[in-house]
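Structure first, then comments.
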Amino acid sequence: MNPPITIERPKPYLLKIIWQDKSEYIIQLEKMREECPCAACQGEEIMGQRISFGIKTFLPGMNELEALIPVGNYGIQANWKDGHHTGIYTWEKLRQLSEKYTLSFSDLEQLSQMEDNKQ
Ligand SMILES: [Zn+2]
C-alpha cells in the first residue's frame, strides 16, 4: 500500500490525512490512540489464549501527539505525550482508521465549538 501524500495536524486534537487517490480524512487523535495497535493496548493472544488486556485508564497527555516518526516505508510510529510510543500504525491501519472515524464538516464544527467553550 502506498503511503499518504501528507499527514497534517490542523488542530492539536485532529489529524488530517491525504492519500494518493486524493481522498482526505480528518480524524480525532483520541480515536487513533484508542486504536493503538501495540500489544500493551490491544491485549495479546498467544496460541489463541488471551494473555493480557488493553489498558484503558486515562492518562494526561495520552491523546496528545508529540511526534510521528516514519517506520521504513510501511508506516509511522506515534509518540504520545504520556510517553507511550510502542504503537506502529501501518498505512493499512491508518487507512482503516481514516475510513472508520472520518469526521464530517458538522462533526468538525461541533468539536471546535466544544474546544472554544473550554477556554
Ligand atoms: Zn499502545
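Any read-out appearing in this document is the output of simple, stated calculations on the displayed coordinates, not a laboratory observation. Keep in mind that this is a model prediction, so the values were computed, not measured. Positions of Cβ are generated from backbone atoms using ideal geometry, with glycine treated the same way; all protein chains shown enter the neighbour counts.
At a glance:
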item	result
Qualifying positions in region 14-26 - of a type outside the set (Val, Ile, Thr) and buried (at least 17 other Cβ atoms within 10 Å of the Cβ)	Leu14, Leu15, Lys16, Trp19, Tyr25
Residues satisfying the stated conditions in region 91-114, i.e. buried (at least 16 other Cβ atoms within 10 Å of the Cβ) and free of Cβ contacts under 8 Å to residues at least 60 places away in the same chain	Lys93
Residue within region 48-65 that is touching a residue at least 24 places away in the same chain (Cβ under 8 Å) and loosely packed, with under 12 Cβ neighbours inside 10 Å present	no
Exclusive hit being hydroxyl-bearing (Ser, Thr, Tyr), within 17 Å of Ile7 (Cα to Cα) and touching a Ser or Thr at 6+ places or on another chain (Cβ under 9 Å), set Tyr89, Tyr101, Tyr74	Tyr74
The one condition in (1) touching a Cys at 6+ places or on another chain (Cβ under 6 Å); (2) closer than 29 Å to Asp116 by Cα that Gly87 fails to fulfil	(2)
Residue satisfying all of: in region 66-93; among the aromatic types (Phe, Trp, Tyr) and farther than 19 Å from Gly43 by Cβ; nearest to the chain's Cα centre (by Cα) among these	Trp91
